[in-house]
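The values are calculated or read from the model by the stated rules, or taken from the named source; none is laboratory data. Since the model is a prediction, treat every value here as computed from it, not as a measurement. Cβ sites come from the backbone with ideal geometry, for glycine too, and all protein chains shown count toward neighbours. Side chains included, ligands, DNA and RNA excluded: accessible areas come from the protein's heavy atoms. Shrake-Rupley method; radii C 1.70, N 1.55, O 1.52, S 1.80 Å.
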Amino acid sequence: MTAGNKTNPAIMWFRQDLRLHDNPALVSAVETGKPLLCIYILDEVSPHVRPMGSAQKWWLHHSLMSLMKDLNQLGSELILFRGPAVEVVESIRESTGADAIFWNRRYGAGEQAVDARIKANFVGEAISRAGMLMHEPSAVRTGSGGPYKVFTPFWKAFRSGPPPRQPLPAPSKILPFTAAAESDALADWDLLPTQPDWSGGLAEAWQPGEVGAAQNLKRFSAEFADRYDTERDLPGPDRTSRLSPHLRFGEISPHQIWHTIAPRGIDAVSAARETYLKELVWREFAYHLLQEWPNLHEENFNAKYDVFPWDTNEAFLKAWQRGETGYPIVDAGMRQLWQTGWMHNRVRMIVGSFLVKHLLLDWRAGEAWFWDTLVDGDPASNSSQWQWVAGTGADAAPYFRIFNPIMQAEKFDPHGTYIKRYVPELKDLPAKYLGAPWDAPLGDLRAAGIKLGETYPLPIVEHKAAREKALAALNTMKERQAV
Ligand code: FAD
């Protein structure tokens, strides 16, 4: 690496890669032998850069604290800035004499525009590395050179392509730039909720930072990975890897995960482990889509749905958000989300389907609520998965396939473990009634201390009627298209 004069500092700009291990930009920056200025910029103002939701902000606060501690141990520190990144970087360059800047690439259109401007204008070297995805979104192509729109062929191409590179070690020491610019105080960014402080459940459920990420991976690989294919759909035992928020903030790289799960390569792993790796590649697919279709969280991927007759019922939306729909599996999911900032994947599909098909509400309302409340709210995965659920997306579940929330509860939470955990007012009801408590005999309800409509809501819509209404709405859309 040439990167200018050894006495001038280089900037290491941490973004969605809040880690020291397997951080290609950091490795390159350290290799220059220059003193390093490690920075993070909170940019909520650049055009088309979507500000983080509230739960992500909570995570960011703790993740930055963790990174600061880890950098301190290597003799460095993290300097915090807030504002439009293009201007902030230029002012740091001017005040410190930095003649090189390093970062790992991002894939949102707004973020890429910021990076392109900095690259074009930076006086010195602006060096970007690939650290967030196993393969660049543009590296996996169809036979005719275009992007994939369907997951299975994408997966096949990915699987038969070159394996992800091996993870890089963390630097053992970082030469600090001592005349560093003044840092913002993290507390002044107000990332933590105060009025009210709703984050107690998040703190109980998570340990943001690189150490927490490594622990989750180690535990999952040792205890659950070989049963992933049979257990991943069961929200009660909760045996997925819980790595999504760590990936979202780059506290762990997909390369580290891949090589821990498949140390001797994908051809040498159990079917269960391969299923897991395939899920990890769904994340890559989401970024592949985002790269080609940057407005994924705003625009229907499939423009046919632009004339879908969505309803606008505020009371329904509120009941869904609060977990008061009267369908226990939906309510359990929405309450898990509110309490812990995360929801099991199977239940995300159930609550998503319920919003767009039973309540006929626009998927964008669900996407926005998830964006605000999920600690793993991800620009690519959240929007592409909402579009998948709504039937509007690439490779989507067809709209006419409507999840039955009663049967989903019976099948995936047969003992009611999950529902009872998050909807405690139903905890004494026999599990066989938890899919549809309104069908339980009065005596059982009374014995469980439940008065439907008082201690737990009656269903806000009736399943069969809602299903018919959804199918009618689909027909209306088709008629509108025909005009
Ligand atoms: P595991 O089952 O252990 O999977 C490992 C990793 O693979 C995950 O951490 C994730 O990075 C990736 N992955 C798994 N399933 C998917 C998927 N369907 N799509 C993309 N990546 C996947 N995931 C997010 O990371 N952020 C989101 O904002 C998000 N929003 C979603 C919204 C809806 C409506 C739905 C149906 C799914 C959404 N997902 C999202 C995907 C999935 O639910 C989560 O990635 C998963 O539940 C995270 O838990 P885990 O880490 O234990 O997953």
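When the residues 224, 403 are ordered by accessible surface, computed with a 1.4 Å probe over the protein chains alone, the sequence from largest down reads 403, 224. When each of the peptides 231-238, 121-128, 283-290 is scored by how many other beta carbons lie within 10 Å of its residues on average, the order from highest to lowest is 283-290, 231-238, 121-128.
Per residue, the average separation of C-alpha pairs within less than 8 Å and at least 6 apart gives region 184-259 a relative contact order of 28 percent. Taking a ≥ b ≥ c as the square roots of the eigenvalues of the Cα gyration tensor, an a/c ratio of 1.5 or more together with a/b no larger than b/c marks region 297-386 as oblate. In plain terms, the C-alpha convex hull of region 1-54 casts an average shadow of 5.0 nm² when viewed from every direction.
Charge tally around residue 190: other residues with Cβ under 13 Å, Lys/Arg +1 each, Asp/Glu -1 each, net -2. Estimate the FRET efficiency between residue 312 and residue 73 by the formula 1/(1 + (r/R0)^6), using the beta-carbon distance for r and 51 Å for R0, to the nearest 0.05. About 0.45, to the nearest 0.05.
Taking all protein chains as they are arranged and a probe of 1.4 Å, the heavy atoms of residue 260 leave approximately 60 Å² accessible to solvent. Between residue 165 and residue 48, the simple spin-label model (points 7 angstrom out along Cα→Cβ) gives 2.7 nm. Overall shape: oblate for region 274-328, with the ratio a/c of the largest to smallest alpha carbon gyration tensor axis at 1.5 or above and b/c at least equal to a/b. Evaluated with a Cβ-only charge set (Lys, Arg +1; Asp, Glu -1), region 365-412 carries a dipole of roughly 240 debye about its Cα centre, given to the nearest 20. Measuring between their Cα centroids, region 469-483 and region 268-309 lie 26 Å from each other.
Computed over neighbours whose Cβ is under 10 Å from that of residue 299, the net charge equals -1, Lys and Arg +1, Asp and Glu -1.
Over the alpha-carbon set of region 216-282, divide Rg by the Kirkwood Rh and report the Rg/Rh ratio to two decimals.
Reported Rg/Rh, Kirkwood definition of Rh: 0.93.
Across q = 0.13, 0.17, 0.21, 0.29 Å⁻¹, region 349-412 modelled as identical point scatterers on its alpha-carbon atoms has Debye log10 I(q)/I(0) values of -0.33, -0.56, -0.83, -1.23, in the order of the q list. Look at the dipole of region 165-233 built from charges on Cβ: of 172, 200, 215, the Cα furthest out on the positive end belongs to 172. Per-residue ellipticity at 222 nm from helix content only, as computed over the chain with -39500 (n - 2.57) for each DSSP H run of at least four residues, stands at -13000 deg cm²/dmol. Residue ranking by accessible heavy-atom surface, 1.4 Å probe, largest first, among 304, 173, 34, 57 comes out as 173, 304, 57, 34.
Only alpha carbons enter this Debye calculation for region 201-315, each as an equal point scatterer, and the log10 of I(q)/I(0) it gives at q = 0.10 Å⁻¹ is -0.43. Legend: translational diffusion of region 15-164 by Stokes-Einstein, Rh = Kirkwood radius over C-alpha pairs, 10 °C, 1.306 mPa s; D = 92 µm²/s. When region 46-152 is described by a simple charge dipole with +1 on each Lys and Arg Cβ and -1 on each Asp and Glu Cβ, the residue from 81, 118, 59 located farthest towards its positive end is 59. Pairs of C-alpha atoms in region 88-218 farther apart than 23 Å represent 63 percent of all such pairs.
Note on residue 428: accessible area is roughly 100 Å² with a 1.4 Å probe, heavy atoms of protein only. Can you give me the % of accessible surface on region 140-191 that is carbon or sulfur? Probe 1.4 Å, all protein chains present, nothing else counted. Accessible surface attributable to carbon and sulfur in region 140-191 totals 57 percent. So if I take the centroid of the Cα atoms in region 36-59 and the same for region 413-465, what is the distance between those two points in Å? Each part's Cα centre sits 41 Å from the other's.
Here the scattering of region 350-483 is modelled by Debye summation over its C-alpha atoms, one equal scatterer each and no solvent; at q = 0.14, 0.22 Å⁻¹ the log10 of I(q)/I(0) is -0.77, -1.29.
P(r) tail for region 413-473: Cα pairs beyond 15 Å make up 53% of the total. Ignoring everything but the protein chains, give the 1.4 Å probe accessible area of residue 198 in square angstrom, nearest 10. Approximately 70 Å² for this residue.
In this structure, residue 185 and residue 444 have a Cβ-Cβ separation that, at R0 = 45 Å, corresponds to a calculated FRET efficiency of about 0.20. The mean sequence distance of close C-alpha pairs (under 8 Å, at least 6 residues apart), as a share of the length of region 164-319, puts its relative contact order at 22 percent. Once the C-beta distance of residue 230 and residue 427 is scaled by a Förster radius of 25 Å, the resulting FRET efficiency is 0.40 to the nearest 0.05. Relative contact order of the chain, taken over Cα pairs closer than 8 Å and 6 or more residues apart, is 17 percent.
Placing a label point 7 Å from the Cα of residue 87 along the Cα-to-Cβ line, no residue of region 7-36 has its backbone N under 17 Å from it.
Averaged per residue, the chain has 43 square angstrom of accessible surface, using a 1.4 angstrom probe with ligands and nucleic acids left out. Percent of Cα pairs in the chain per distance bin of 20 Å, from zero to the largest separation: 22, 53, 22, 2, 0.
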